[in-house]
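*Asks:* If you scroll down you'll find the structure; I have some questions about it.
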Amino acid sequence: MAIIDWLRRSKREQPLHKTAALVDDAVAHSRAGRHDEAVKVCLRAVAALEAHAKRDRRAVVGMLSLAYRNLAEFMWDASRSPEAVGHAETSVRLARELYTVDRDGDMLAIALGAYALGLLSGGRAPEALAAAREARELSDSDRALSRILSPYSMALAATGQDDEALAVNAQELDLQRRLADGQPVDSQPYRNLGFALNNHANRLHRAGRWQECLDVGAEAVAHFRAAAAQRPDLLSGVALALRNQAAHLGAADRLADALTAAEEAVGLSRDLAANRPAAHRPLLASSLRAYGARLAALGRRAEALAATGESVALYRELAASDPGAYLATLDAVEANLRAITEDPDDDRALAAEAVRRYRELAGADRGTHPDHRGTHPDHRAAHPDHRAAHPDHRAAHRAALATAIADLRAVTEDPDDRLALAAEAVDLRRELAAGARAEHLPGLAAAVAILATSLVDADRLDEALVAGAEALALERELAETDRPAIIDMHARTLRQQAARLDRAGRPEEALALGEQAIAAAREALAGDQTTGHLTLALALEQQAGRLRVERGRAARRPKKAGTVPVPPKGPMEAMAREARQLRAAHRQQSSGRRGGHG
């Protein structure tokens, strides 16, 4: 780490040499896997530098930035993410202060890269991307790029920019291969190459490039095995690579191989967590999640329930101490457990627990200062653009609460209870959309559509028609900016509203909306052949039913001049025939997805 050499070069004051010795000790503890000790020793070094800065700030501001960055990295290793992000922010602020004097772009870029990683760990992807982009613009040196390309590609992927993320990661992998060439397997460049391989396999997975993904993933496993043979503290890298490879193998339909990789990942991470729980519980939780998914894919339900349930328990503990880093993952793993369980009571209990959790968080948010983001002195100085992107935790928690309430409604049997939950979700979404309409409009549209369904279930048809009309209007508003993203949902809402019009005795309006539903479903299926078959099949079947009813009515009416002719039978038969073909395609694709992903 650069701070050691920098401190050693200082000839002016003996205390700086003592500080260099402290940093030596901290690094030694870190490399030996004693992360808590590394943090304690580095805190002493930071305190010594802070004291020196009061006498001669300009002489040590760069050293202090490096020390805070090292402290942040040690804290991440010790699973103390919230504190780590604060120290990474301080490192950025100090590096920015130095940059105004000596224009050292490398130091500021590396500090921003470390800060971006911390932001990603806390679920703050837009901020992380802003920090990483600034870092990338500051320097092209190998020294800086080796530290900033990884968080940059991860931030791009976390914000949905998969193509650019893959390109940046490919650049990082080429660089890390060059830097690791000829280096011993226990060196930092060799370790960095392992992580670059892991990241690149993940990017290839997202791109659906399965064979390349499997090849790179296998290389990552072998790479970390070689390193761990000389440095047992790198067994966590082996477990991480195996966990990822299990997901890649599962996606490529190699289910038995995927299970073997996941099982080994669990065994390694369980041993690691037994020796150092604070550092390795996150790895054990994620490995158990992967293992549960692989067991479920093979139909081993009881074992899948046990593994996924243990993962949920661990993530609940982790989320209790660091919500920003683990809440979203906890939600996903609880959803996995709900998909595996066949007990409705267990399903409802899991959904109710998520609602309780987010009610508690949303209630706590109401007690915070409305501009709590500005209370940290370093946060405001880190970078003005990053500050503006800071997430509104209250909004995030209330959005998650609305989602959890909708999930609970889906497994609630009593129609009145379902309606009350749907109405509460709509109220939350309306509040969120009032503050940020573009961001929360999709959630509001979906919530209002669910409310319309709940009103029908509660025999309140007139109100359901009003809510359905509102949902359609909201979806049309969304379609103005991103029609492909909303068209499948819009087709379903059109079909549901047409069915309500049928029940209300308004056949002409129902027929017209039914035609719109078919057109929208065809558009959705044309845009994405992997989904939409069932949506179009249902729309065709319902419309054929309407035409059949209308044909019967017309046949019974007295034949008079000017009356509507009997609808021909051919179109109805064609709709029914096409619907059967679409249902067959849907069954085939559903079977393929169950076998491939688990």
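*Asks:* Given R₀ = 45 Å, what would the calculated FRET efficiency be for Asp140 paired with Ala485, taking r from the Cβ atoms and rounding to 0.05?
*Replies:* 0.80
*Asks:* Let's test the formula: R0 of 56 Å, r as the Cβ-Cβ distance of Gln581 and Glu353. What FRET efficiency results, to the nearest 0.05?
*Replies:* It comes out at approximately 0.85.
*Asks:* Multiplying the sequence separation of Ala207 and Leu298 by 0.36 nm and subtracting their Cα-Cα distance, what value in nm do you get?
*Replies:* 30.3 nm
*Asks:* Would region 200-241 count as rounded, prolate or oblate if I go by the C-alpha gyration tensor, calling it rounded below 1.5 in a/c and otherwise prolate when a/b exceeds b/c, oblate otherwise?
*Replies:* Prolate, since a/c reaches 1.5 and a/b exceeds b/c.
*Asks:* Rounded, prolate or oblate: which fits region 266-313 when a ≥ b ≥ c are the square roots of the eigenvalues of the alpha-carbon gyration tensor, with rounded for a/c under 1.5 and prolate only if a/b beats b/c?
*Replies:* Note, shape of region 266-313 comes out prolate.
*Asks:* For Ser269, tell me the accessible area in Å² from a 1.4 Å probe, rounded to the nearest 10.
*Replies:* Only protein atoms counted, so the area is about 0 Å².
*Asks:* Any chance you could give the angle, 0 to 90 degrees and rounded to 10, that helix 323-340 forms with the longest Cα principal axis of the chain?
*Replies:* Relative to the chain, helix 323-340 is tipped by roughly 40 degrees.
*Asks:* Just grab the label-to-label distance for Ala28 and Ala335, each label 7 Å out from Cα along the Cβ direction, in nm (one decimal).
*Replies:* Taking the simple label geometry, Ala28 and Ala335 are separated by 4.8 nm.
*Asks:* Another question about this same structure. Taking 35 Å as R0, compute the FRET efficiency from the Cβ-Cβ separation of Asp181 and Asp104 and round it to 0.05.
*Replies:* Efficiency, from the Cβ-Cβ distance: 0.80.
*Asks:* Taking only DSSP H segments of four or more residues, each worth -39500 (n - 2.57), what value at 222 nm results for the chain once the sum is divided by all its residues, to the nearest 500 deg cm²/dmol?
*Replies:* -29000 deg cm²/dmol
*Asks:* Still on this structure, I have one more. Please list Tyr99, Tyr358 in order of solvent-accessible area, largest first, computed with a 1.4 Å probe with all protein chains present.
*Replies:* Heavy-atom accessible area, descending, gives Tyr99, Tyr358.
*Asks:* A further question follows. Any idea how many Lys pairs in the chain come in under 20 angstrom at the alpha carbon, given 8 or more places apart or on separate chains?
*Replies:* Within the chain, the lysine pair count is 4.
*Asks:* Quantify, in whole percent, the carbon and sulfur part of the accessible surface of the chain (1.4 Å probe; protein heavy atoms only).
*Replies:* Here it works out to 52 percent.
*Asks:* Using just the alpha carbons, could you tell me how many Å³ per residue the convex hull of the chain encloses?
*Replies:* Hull volume normalised by residue count: 167 Å³.
*Asks:* With a 1.4 Å probe and all protein chains kept in place, how much accessible area does Glu264 have, in Å² rounded to the nearest 10?
*Replies:* Spelled out: Glu264, probe radius 1.4 Å, area about 70 Å².
*Asks:* Next question. Restricting the calculation to Cα positions, tell me the Rg (one decimal) and the Dmax (whole number) of region 306-361 in Å.
*Replies:* Just the Cα atoms of region 306-361 yield Rg and Dmax of 10.8, 31 Å.
*Asks:* What number comes out for accessible area per residue over the chain if the probe is 1.4 Å? Units Å², please.
*Replies:* 46 Å²
*Asks:* If I fit a long axis through the Cα atoms of helix 14-31 and take the longest principal axis of the Cα atoms of the chain, what angle between them do I get, 0 to 90°, rounded to 10?
*Replies:* Between the helix axis and the principal axis of the chain, the angle is about 50 degrees.
*Asks:* Just the accessible area for His280, please: 1.4 Å probe, Å², rounded to the nearest 10?
*Replies:* Ignoring ligands and nucleic acids, His280 comes out at about 20 Å².
*Asks:* As I understand it, the value is the acute angle between the Cα axis of helix 255-275 and the longest principal axis of the Cα atoms of the chain; what does it come to in degrees, rounded to 10?
*Replies:* 40 degrees
*Asks:* Please give the length that would be gained between Arg548 and Asp253 if that part of the chain were fully extended, namely 0.36 nm times their separation in residues minus their C-alpha to C-alpha distance (nm, one decimal).
*Replies:* Separation in residues times 0.36 nm, less the Cα-Cα distance, equals 101.8 nm.
The values are calculated or read from the model by the stated rules, or taken from the named source; none is laboratory data. Computed from a predicted model, the values in this text were never measured in an experiment. In this analysis, Cβ positions are derived from the backbone assuming ideal geometry, glycine residues included, and neighbour counts consider all displayed protein chains. With ligands, DNA and RNA removed, areas are computed over all heavy atoms of the protein, side chains included. Shrake-Rupley method; radii C 1.70, N 1.55, O 1.52, S 1.80 Å.
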